[in-house]
1. Name the residue that is most open to solvent (accessible area, probe 1.4 Å), counting only residues in the range 475-494 that are under 19 Å from Y514 (Cα atoms) and in a loop (DSSP other than H, G, I, E, B).
2. Checking the conditions here, which among S534, S492 is in contact with a helix residue (DSSP H, G or I) (Cβ under 8 Å, 6 or more places away or on another chain), among the small types (G, A, S) and over 20 Å from R171 (Cβ atoms)?
3. What are the residues in the range 295-328 that are touching a Ser or Thr at 6+ places or on another chain (Cβ under 8 Å) and within 23 Å of V541 (Cα to Cα), if any?
4. So T472 clears everything in (1) surrounded by fewer than 20 Cβ atoms within 10 Å (Cβ to Cβ); (2) under 16 Å from D222 (Cα atoms); (3) among the polar types (S, T, N, Q) except one condition, right? Which one?
5. Just checking, which of A416, A428, A449, A438 is of a type in the set (A, V, I, L, M) and within 16 Å of R289 (Cα to Cα)?
6. Residues that are open to solvent by 20 Å² or more (accessible area, probe 1.4 Å) and of a type in the set (S, T, N, Q): list the helices (runs of 4 or more DSSP H) wholly contained in the range 335-452 that include at least 3 such residues.
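The values are calculated or read from the model by the stated rules, or taken from the named source; none is laboratory data. This structure is a prediction, so every number in the text was calculated from the model and none was measured. All Cβ positions, even for glycine, are placed from backbone atoms using ideal geometry, and neighbour counts span all protein chains on display. Just so you know, the surface numbers come from the protein's heavy atoms only, side chains and all, with ligands and any DNA or RNA stripped out. Shrake-Rupley method; radii C 1.70, N 1.55, O 1.52, S 1.80 Å.
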Amino acid sequence: MRHRAPAALSRLRPRPPPAAAASARARGCRQRAHGARAIAAASNGVRVCALLVNPPLDAPSPLPPPCFQGASADALASTKTAMESFLADEGNLAAVDAALATRALSPDQAAALSTLRRAFAVNALPPAAAPIRSELNRLEAALAQERGSMRLGWSDPASGDFVPASSVQLRTLMRTSPDEGVRRAAYEGLRSVGPFVAERLCGIVKRRNALARACGATNFYDYKVRGAEGMSQTDLFSLLDPLEADTRPLLAAARASLAVAKGPAANDPWNRAFALAGDVERAQDPYYRFDAAVGAWARSFAALGISYAGGTVTLDLCDRPGKYSNGFCHWPALAWVKESGERALASANFTSLASPNDVGSGRTALTTLMHEGGHAAHFANVAARTPLASQERAPTSVAYAETQSMFLDSLCGDAAWIARYARDGSGAPVPWPLVEAAIRAGAAGELFAVRAMLSVPYFEKALYDLPESEVTPERVLALTDEVETLIEGGASPRPLLSVPHVLADESAAYYHGYVLAEMAVHATRAAFSKAFGSVVDNPAVGPALRDGYWAPGNAAPFPDLVREVTGAPLSHGAWVAALREPVEDRVARERVAYEEAVVKGPAIAPGDEPAIDARVRFVHGDLVIADSAAGGFAAAEAAFRAWLAAEFPRPADKAE
């Protein structure tokens, strides 16, 4: 029997965005944080959402062309407002409720309507809140534009010259430069972001809290957590506080050990990353060639049995002036299953900020590809009956979305993965002594990373808890120092206001999702290792991720999915157990995995065609470099590598 869409759905009222929206669709990507993947950036999301409830249900989802020139903060704000107006329209929620009251619903229709109801309910705005939301969209777009045009960089201590650099480049310098003066200058460059954004951010914080109060929440943090995670701020920190308490003594021990090994100055924020792994990073750099990163990502995913289900992936990987200061992914078109049973195919754009010849850029790019590629694979495989189940805005759990990407980028730290995919120009793997050195450095680095991750939600909680009279640039800047000292033991190598998530609406009060996701990642890895024997290059992993996490979309609560996949409730236990593992035990275990992997090699050899079922496009801003639609992935990768060689010749490749 064919079930017709309930008549009540005809009352849903998608509001068409202004004409400027079309040109803003792709532009917004360089202005958004990793956590700022709007429904469809944004006008296409309104159109796609409307397709669920307005015939024709079988209409295709077009792939908009890349458009980066002439980016407009006003256009971004207007399209975002149009999308949010659609989601917040009380008439849409009423229409869904009326449709749910219809008795003649198929199971698929009932499930789709339930997802729609959650999306409309959590995004509903009382009349008093709507103008605040519109005002915030304008304020946030202006801040994003100002931050993007900021004169960021470092002052060369030798010459006094100012050297422009992105935040990613500054962090890379702190990790790899042997000159402490350069590292300190890079840190001061990052720290300059705070004073630059503080005043405008204070105005935004006040209006965000006003919005939250108009919606009945305690403050903006509570409002965001309830919408995305389905829990209160109190419930969230009941999960974070035990992790903070259990890792606090580990942090103190790690800081003391580093001071003994490398001197007290090693704990200075500009020295810590280099003291932990700077020498190792430089020694490993030839094995993490940036031009090989894309092939390693695609072959690794194919070996895991990961498919993009026929979707399109557009990669914009190299840094350039004005580009958004964080890697991220967003979706101009969403995956879902139409009433006819046909799948709507996803398209994803994702970026990194690589400077191909900088030390460490290849490893950073590879980790970013694994992370953002994980996001893209996740949302390409949603099999729900509505596109609102395959978008990242509430009610999609932040932790749910980040679990998928962080699970996959975690492989980059496995000796078995490194032995297969980290190769020099001749194809030789990283030698074991370098892998061992990285493991030993990483043991302390992972602990510092946990605390740095925790500092963001603790800062944002404190920020939105401030009385309005205390939300001043001076107090906010002091608060960053207080939280960094409390959680990280001193000033952070990544100053809190240089974290882009804090600034943008979609990613503000978001960072706790990484913490919850890391809990789930460790639990999932343990479950898969037990079930499959290994994770790297295991073709059972992709289908397990697809069926357990990806296919439901946001139709199932994140804690329920974790319990279903791992067999246990979400907790920090597996994570802390990994942090407490004696380093000698880890070295011994990883050496066995490394030696086996060197013998086996990668499941798919370099240059072979990886079966990821995706159209892959390589772009640099408006320039389309290569497209796998014309000759396959291997040919497109080769064209991209040729472009890199011409545009960013490695020192050894330059003519004498």
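1. Residue satisfying both the conditions and the ranking: R494.
2. Only one candidate qualifies: S534.
3. Scanning the range 295-328 gives G311, T312, V313.
4. All conditions pass for T472, except number (2).
5. Matching residue, one of A416, A428, A449, A438: A428.
6. Once the helices (runs of 4 or more DSSP H) in the range 335-452 are filtered for at least 3 residues that are open to solvent by 20 Å² or more (accessible area, probe 1.4 Å) and of a type in the set (S, T, N, Q), what remains is 361-380.
Table: residues versus (1) of a type in the set (S, T, Y); (2) at pLDDT 90 or above; (3) open to solvent by 30 Å² or more (accessible area, probe 1.4 Å); (4) out of contact with any strand residue (DSSP E or B) (no Cβ under 7 Å at 6 or more places or on another chain).
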| position | (1), (2), (3), (4) |
| --- | --- |
| C49 | no, no, no, yes |
| A59 | no, no, no, yes |
| A98 | no, yes, yes, yes |
| V122 | no, no, yes, yes |
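Residues checked against (1) small (G, A, S); (2) at pLDDT 95 or above; (3) not in a helix (DSSP H, G or I):
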residue	(1), (2), (3)
G194	yes, yes, no
N209	no, yes, no
M231	no, no, yes
T234	no, no, no
G278	yes, no, no
A292	yes, no, no
